[in-house]
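**Q** Following this message is one structure expressed as structure tokens.
The values are calculated or read from the model by the stated rules, or taken from the named source; none is laboratory data. The shown structure was predicted, so the numbers you read here are calculated from the model rather than taken from an experiment. Glycine also receives a Cβ, built like all others from the backbone with ideal geometry; neighbour counts cover every protein chain displayed. Keep in mind that these areas ignore ligands, DNA and RNA; they rest on the heavy atoms of the full protein, side chains included. Shrake-Rupley method; radii C 1.70, N 1.55, O 1.52, S 1.80 Å.
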Amino acid sequence: MILICFRLTAEGEPLKKASVAYYQALKELHGFDRKEIEQQALLQTLKNNELNTATDDLMTLAKHKKSLYTAVYKKEALLHKANEKFNVANGFK
């Protein structure tokens, strides 16, 4: 678990929220890898129509993973912006 402490300033709360949102999105993305690995292992045991269906499921997982990466990148950008505002408000930059 990651603990992040901020001084309570005008920009502290938005930075805290952006940090939490970013790390939650990152956690979801990393947890998703397990699903992908399980699906790939399943592919090794199937044949014919079952294999086609499992391959389609793997493609669906890949598309979902791409959306998770997009969410992480957006949250990272928001975190960066909030961090810059926090630093300016507290005289760090």
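**Q** Please find, among LEU51, LEU43, LEU29, LEU61, the residue that is closer than 30 Å to GLU13 by Cα, surrounded by 12 or more Cβ atoms within 10 Å (Cβ to Cβ) and aliphatic (A, V, I, L, M).
**A** Going through LEU51, LEU43, LEU29, LEU61 in turn, just one is closer than 30 Å to GLU13 by Cα, surrounded by 12 or more Cβ atoms within 10 Å (Cβ to Cβ) and aliphatic (A, V, I, L, M): LEU29.
**Q** Still on this model: When the residues of the range 64-73 are filtered to those that are in contact (Cβ under 8 Å) with a residue 24 or more places away in the chain and open to solvent by 60 Å² or more (accessible area, probe 1.4 Å), which remaining residue is nearest to GLN40 (Cα to Cα)? If you could, list the steps in order and put the result at the bottom.
**A** Taking the range 64-73 first, the residues in contact (Cβ under 8 Å) with a residue 24 or more places away in the chain are 64-65, 68-69, 71-72.
Pick out the ones that are also open to solvent by 60 Å² or more (accessible area, probe 1.4 Å) and you get 64, 69.
Working: HIS64: 15, TYR69: 20 Å.
The residue in question is HIS64.
**Q** Here's another thing I want to ask about it. Give the number of residues within the range 8-49 that are under 15 Å from the mean Cα position of the chain (by Cα) and either among the β-branched types (Val, Ile, Thr) or on the phi > 0 side of the Ramachandran plot (or both).
**A** 1
**Q** For TYR22, work out the one condition from (1) in contact with a helix residue (DSSP H, G or I) (Cβ under 8 Å, 6 or more places away or on another chain); (2) without any contact (Cβ under 8 Å) to a residue 40 or more places away in the chain; (3) open to solvent by less than 100 Å² (accessible area, probe 1.4 Å) it doesn't fulfil.
**A** (2)
**Q** Just to be sure I understand the filter: pairs with C-beta atoms under 6 Å, separated by 6 or more residues or on different chains, first member in the range 35-52 and acidic (Asp, Glu) and at pLDDT 85 or above, second member surrounded by 12 or more Cβ atoms within 10 Å (Cβ to Cβ) and in a helix (DSSP H, G or I). Which pairs pass?
**A** GLU36/LEU61
**Q** Can you pull out every residue in the range 76-87 that is over 15 Å from the mean Cα position of the chain (by Cα) and open to solvent by less than 100 Å² (accessible area, probe 1.4 Å)?
**A** Result: ALA82, ASN83, GLU84, PHE86, ASN87.
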